[in-house]
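*Asks:* I have a structure here, written as structure tokens, and I will follow up with some questions on it.
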Amino acid sequence: MNSDDTARLIYLSLLGIVIAMSYVLSNRTNIGKTMQYAGIWVLIFMGAIAVVGLWGSIKDTLIPPNHAFTRGETIVLPLANDGHYYLTLDVNNVPVGFVVDTGASQIVLSQQDAMRIGIDPSDLAYLGSANTANGEVRTAAVRLDTVTLDGLTDRDVRAVVNDGEMDGSLLGMTYLGRFESITIKNNELVLSR
């Protein structure tokens, strides 16, 4: 907090105290009711401040993140607030959320997502490797029985399971390459087959 912010905070605090005191003094004949109303307003303001302060943490719970939608023969992904494009695919009939990553050569599953779709990461042979922003990680090649997006089903899709820590799975070019075109325009990623 810089000196301007501190000065504003002091000014607003003093202004609030003066307004509150004038209200209390003008309604001193019914002081109990006045204090009750003042308490309610304090709680309302504290709640508003809490919502503003925590909005970044709770907005995805209250407002679902951007979802893909179909526009004619294309699938359109809106840009999320964090600057990424997200897509949920049914992998082996289980919904799996992906970050669309045109820089990834393959579909990369986190160990948690692999378990959710019926692949036990501890039974895999981690013979491959991948260079990531966090360094080199081991990978295990797998085949996905089905990958479905908005009624389009692909079978026997190649993917890898990452042996390292991942927040989520990545949708790379082995899947994105199945589309005729991939276009990014006006904060939308458009996939066409």
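*Asks:* Quick one: count up the residues across region 97-129 that are farther than 19 Å from T183 by Cα, exposed (fewer than 13 other Cβ atoms within 10 Å of the Cβ) and small (G, A, S).
*Replies:* 4
*Asks:* Scan region 125-152 for residues that are part of a loop (DSSP other than H, G, I, E, B) and either acidic (D, E) or modelled with pLDDT of 85 or more (or both) and jot them down.
*Replies:* Within region 125-152, A125, Y126, L127, D150 qualify.
*Asks:* Among the candidates V100, V96, which residue alone is assigned by TED's automatic domain parsing to the domain that holds D156, within 16 Å of G168 (Cα to Cα), in contact with an Asp or Glu (Cβ under 7 Å, 6 or more places away or on another chain) and modelled with pLDDT of 75 or more?
*Replies:* V96
*Asks:* Taking only region 146-193 into account, find how many residues are exposed (fewer than 12 other Cβ atoms within 10 Å of the Cβ) and under 22 Å from the mean Cα position of the chain (by Cα).
*Replies:* 4
*Asks:* Kindly evaluate L89 against the criterion of being part of a strand (DSSP E or B), of a type in the set (A, V, I, L, M, F, W, C) and either modelled with pLDDT of 80 or more or within 30 Å of V142 (Cβ to Cβ) (or both).
*Replies:* yes
*Asks:* Same structure again: For region 150-193, which residues satisfy the criterion of being closer than 28 Å to S122 by Cβ, in contact with a Pro (Cβ under 9 Å, 6 or more places away or on another chain) and of a type in the set (D, E)?
*Replies:* Within region 150-193, just D163 meets the criteria.
*Asks:* Can you run down the residue pairs with Cβ atoms below 8 Å, 6 or more apart or on separate chains, where the first is in region 114-133 and farther than 25 Å from T102 by Cα and the partner is surrounded by 12 or more Cβ atoms within 10 Å (Cβ to Cβ) and not aliphatic (A, V, I, L, M)?
*Replies:* G118/N92
*Asks:* Quick one: in region 11-32, which of the residues that are hydroxyl-bearing (S, T, Y) and exposed (fewer than 10 other Cβ atoms within 10 Å of the Cβ) is farthest from F45 (Cα to Cα)?
*Replies:* So the residue we want is T29.
*Asks:* Follow-up question, since we're still on this one. When you check T74 against the structure, is it closer than 23 Å to T183 by Cα and either surrounded by 10 or more Cβ atoms within 10 Å (Cβ to Cβ) or modelled with pLDDT under 85 (or both), yes or no?
*Replies:* yes
The values are calculated or read from the model by the stated rules, or taken from the named source; none is laboratory data. If you're wondering where the values come from, they're calculated on a predicted model, not measured in any experiment. Cβ atoms come from the backbone with ideal geometry, glycine included; neighbour counts cover every protein chain shown.
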